[in-house]
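Novice: Have a look at this one before I ask anything.
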Amino acid sequence: MTAETPTLVRIAPSILSADFAALGQEVRAIEAAGADWVHIDVMDGHFVPNLTIGPAVVKALRPHSTLPFDVHLMISPVDGFLDAFAAAGADIITVHPEAGPHIHRSVQHIKSLGKQAGVSLNPATPAKMLDYLIDEIDLVLVMSVNPGFGGQSFITSQLRKIEAVRKMIDKSGRDIRLEVDGGIDANTAPQAIAAGADVLVAGTATFKGGPDAYAGNIRRLRGA
Ligand code: DX5
Ligand code: ZN
């Protein structure tokens, strides 16, 4: 694991909303602006209707930041790519249960690579899916939009799911992050935090206004 600032709520800017022609610079800029993690959205045009970046880009970005790389895989079948993302420099690797035949095995595989394992729940995927995974995982990612694109509106029903997952985590007594992804802005961030989230992904809300605005944008998301 690489260095990170200890904070109550972590902000993980999604570089999906960054300038793709200047990704290295963008990652350096969000680190300087106070980001805690770098959220990297990997999409395959099949599991989700959009195509983004692969392990080569993750590897190219690695020297540009000491922050944890939070790699969100929206690709199917996912298992064949876990090694490549681990080798490229991912610290946390998050998978969707719908993206492979055996989510428990995918989680075990990620752990065997020495990485933190996350499981992501789509808006219609129940929290119950975690019943037999909670003792293995390091992170739960609640999708508050349908995966595929930045700039969508927060789906309010997911607040109930965040609350349910928070209870499961607390009951487990394990050190598990609860991350929320999609439509996070200055209005929805406090709602997600109140429901129990401790990591907020934010693409649009971080990168709007260009590099000079990043520090203020991140501060507003923290509610500071
Ligand atoms: C959606 C991605 C998100 C997305 C968030 O599939 O997983 O990380 O980039 O973007 P905003 O913050 O713009 O909703
Ligand atoms: Zn994401």
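The values are calculated or read from the model by the stated rules, or taken from the named source; none is laboratory data. Small disclaimer: the values here were computed from a predicted structure and weren't measured. Glycine gets a Cβ as well: all are built from the backbone with ideal geometry, and neighbour counts include every protein chain shown.
Novice: Report yes if Ala90 is surrounded by fewer than 24 Cβ atoms within 10 Å (Cβ to Cβ) and under 24 Å from Ile11 (Cβ atoms), otherwise no. Quick ask: steps written out before the conclusion?
Specialist: On the way: surrounded by fewer than 24 Cβ atoms within 10 Å (Cβ to Cβ): no; under 24 Å from Ile11 (Cβ atoms): yes.
The answer is no for Ala90.
Novice: Could you check segment 168-224 and list, in sequence order, the residues that are touching a Leu at 6+ places or on another chain (Cβ under 7 Å), on the phi < 0 side of the Ramachandran plot and assigned to a loop (DSSP other than H, G, I, E, B)?
Specialist: Once the filter is applied, which keeps residues that are touching a Leu at 6+ places or on another chain (Cβ under 7 Å), on the phi < 0 side of the Ramachandran plot and assigned to a loop (DSSP other than H, G, I, E, B), segment 168-224 yields Ile176, Ile184, Ala186, Ala197, Asp198, Gly203.
Novice: Which of the following residues is surrounded by fewer than 22 Cβ atoms within 10 Å (Cβ to Cβ), more than 16 Å from the chain's Cα centre (by Cα) and over 17 Å from Thr206 (Cα atoms): Leu23, Leu51? Spell out how you get there, then give the answer.
Specialist: Values: Leu23 fails: over 17 Å from Thr206 (Cα atoms).
So the residue among Leu23, Leu51 that is surrounded by fewer than 22 Cβ atoms within 10 Å (Cβ to Cβ), more than 16 Å from the chain's Cα centre (by Cα) and over 17 Å from Thr206 (Cα atoms) is Leu51.
Novice: So if I check each of Val165, Val142, which one is at pLDDT 95 or above, within 14 Å of ligand 1 (Cβ to nearest atom) and surrounded by 20 or more Cβ atoms within 10 Å (Cβ to Cβ)?
Specialist: Working: Val165 fails: within 14 Å of ligand 1 (Cβ to nearest atom).
That would be Val142, the only listed residue that is at pLDDT 95 or above, within 14 Å of ligand 1 (Cβ to nearest atom) and surrounded by 20 or more Cβ atoms within 10 Å (Cβ to Cβ).
Novice: Out of all the residues in segment 67-101, which are more than 16 Å from ligand 2 (Cβ to nearest atom) and under 21 Å from Ala21 (Cα atoms)?
Specialist: Ala88, Gly89
Novice: Could I ask something else about it? Within segment 118-143, can you find the residues that are free of Cβ contacts under 8 Å to residues at least 60 places away in the same chain and either in contact with a Leu (Cβ under 8 Å, 6 or more places away or on another chain) or in a strand (DSSP E or B) (or both)? Spell out the reasoning first.
Specialist: Going residue by residue through segment 118-143, those that are free of Cβ contacts under 8 Å to residues at least 60 places away in the same chain are 119, 121-138, 140, 142-143.
Residues satisfying the conditions are Val119, Leu121, Ala127, Met129, Leu130, Ile137, Val140, Val142, Met143.
Novice: While we're looking at this one, here's another question. Is there a residue being under 19 Å from Arg10 (Cβ atoms), among the hydroxyl-bearing types (Ser, Thr, Tyr) and touching a Ser or Thr at 6+ places or on another chain (Cβ under 7 Å) anywhere in segment 208-221? Steps first, answer last, please.
Specialist: Restricting attention to segment 208-221, the residues satisfying the condition of being under 19 Å from Arg10 (Cβ atoms) are 214-221.
Add one more test, that the residue is among the hydroxyl-bearing types (Ser, Thr, Tyr), and what stays is 214.
Keeping just the survivors that are touching a Ser or Thr at 6+ places or on another chain (Cβ under 7 Å) gives 214.
Within segment 208-221, one or more residues are under 19 Å from Arg10 (Cβ atoms), among the hydroxyl-bearing types (Ser, Thr, Tyr) and touching a Ser or Thr at 6+ places or on another chain (Cβ under 7 Å).
Novice: Among residues belonging to segment 189-224 that are among the β-branched types (Val, Ile, Thr) and surrounded by fewer than 23 Cβ atoms within 10 Å (Cβ to Cβ), point out the one that is nearest to ligand 2 (Cβ to nearest atom).
Specialist: Taking segment 189-224 first, the residues among the β-branched types (Val, Ile, Thr) are 193, 199, 201, 204, 206, 218.
From the residues that got through so far, the ones that are surrounded by fewer than 23 Cβ atoms within 10 Å (Cβ to Cβ) too are 193, 204, 218.
Numbers: Ile193: 18, Thr204: 12, Ile218: 17 Å.
So, considering only residues that are among the β-branched types (Val, Ile, Thr) and surrounded by fewer than 23 Cβ atoms within 10 Å (Cβ to Cβ), the one nearest to ligand 2 (Cβ to nearest atom) is Thr204.
Novice: I'd like to know if segment 175-187 contains one or more residues that are farther than 18 Å from Gly150 by Cβ and either surrounded by fewer than 14 Cβ atoms within 10 Å (Cβ to Cβ) or more than 14 Å from the chain's Cα centre (by Cα) (or both).
Specialist: In the first step, residues of segment 175-187 are kept if they are farther than 18 Å from Gly150 by Cβ; the result is 175-178.
Retained after the next criterion (residues that are either surrounded by fewer than 14 Cβ atoms within 10 Å (Cβ to Cβ) or more than 14 Å from the chain's Cα centre (by Cα) (or both)): 175.
For segment 175-187, residues farther than 18 Å from Gly150 by Cβ and either surrounded by fewer than 14 Cβ atoms within 10 Å (Cβ to Cβ) or more than 14 Å from the chain's Cα centre (by Cα) (or both): present.
Novice: Now, a different point. Give me the pairs: first residue in segment 28-51 and at positive phi and in a loop (DSSP other than H, G, I, E, B), second residue of a type outside the set (Lys, Arg) and at pLDDT 95 or above, beta-carbon distance under 6 Å, and six or more apart or on different chains, which are they?
Specialist: That search, which allows pairs on different chains as well, returns Gly34/Ala215; Gly34/Ile218; Gly45/Leu51.
Novice: Still on this structure, I have one more. Yes or no: segment 145-167 includes at least one residue that is in a strand (DSSP E or B) and either farther than 24 Å from Leu73 by Cβ or hydrophobic (A, V, I, L, M, F, W, C) (or both). Walk me through it before giving the result.
Specialist: Within segment 145-167, the subset in a strand (DSSP E or B) is none.
Looking for residues that are in a strand (DSSP E or B) and either farther than 24 Å from Leu73 by Cβ or hydrophobic (A, V, I, L, M, F, W, C) (or both), one finds none in segment 145-167, hence no.
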